[in-house]
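The structure appears right after this line, and notes come after that.
The values are calculated or read from the model by the stated rules, or taken from the named source; none is laboratory data. All figures in this text were calculated on a predicted structure; none of them were measured in a lab. Every residue, glycine as well, gets a Cβ built from its backbone with ideal geometry; the counts of neighbours run over all protein chains shown. Quick note on the areas: whole protein, heavy atoms, side chains included, nothing else; ligands and nucleic acids left out. Shrake-Rupley method; radii C 1.70, N 1.55, O 1.52, S 1.80 Å.
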Amino acid sequence: MTSAPPRMVTSVRDRFRTPAGKRFMRFVLVAIASLASSIFMLNLLLGVFHLSAGLSGVLGAITGAVVSYVLSRWAWERKGRPHLLK
């Protein structure tokens, strides 16, 4: 038949090799790590420590937000001290 699927794969691969594509892939990894840490903390607090669902949810969300913030600095190539009010 035609070689459209290999061309599409090549096109997508080329886009991920650009600076914006590399940054996007790092951002995807940050999102996965944030989700995984949030779910892990939620399961830990609910299953092991037997906290309430509301408190576990809040603490799980905070954990995911902290992981996302720290890793997003790597994903967006931020250096130096963060300016929290900017």
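Descriptive notes on the structure:
- All positions within region 15-55 that are aromatic (Phe, Trp, Tyr) and farther than 16 Å from Ala65 by Cβ: Phe16, Phe24, Phe49
- Number of positions in region 19-58 that are more than 18 Å from Trp76 (Cα to Cα), surrounded by 14 or more Cβ atoms within 10 Å (Cβ to Cβ) and small (Gly, Ala, Ser): 4
- The condition (being modelled with pLDDT under 90 and part of a helix (DSSP H, G or I)) is satisfied by just one residue among Pro5, Pro82: Pro5.
- In this entry, Ile39 is excluded by the filter for residues that are hydrophobic (A, V, I, L, M, F, W, C), without any contact (Cβ under 8 Å) to a residue 12 or more places away in the chain and assigned to a helix (DSSP H, G or I).
- For region 67-79, filtered to residues that are of a type outside the set (A, V, I, L, M), part of a helix (DSSP H, G or I) and open to solvent by 60 Å² or more (accessible area, probe 1.4 Å), the residue that is nearest to Ala20 (Cα to Cα) is Trp74.
- Qualifying residue in region 54-66 (condition: part of a loop (DSSP other than H, G, I, E, B), of a type in the set (Ser, Thr, Tyr) and over 18 Å from the mean Cα position of the chain (by Cα)): no
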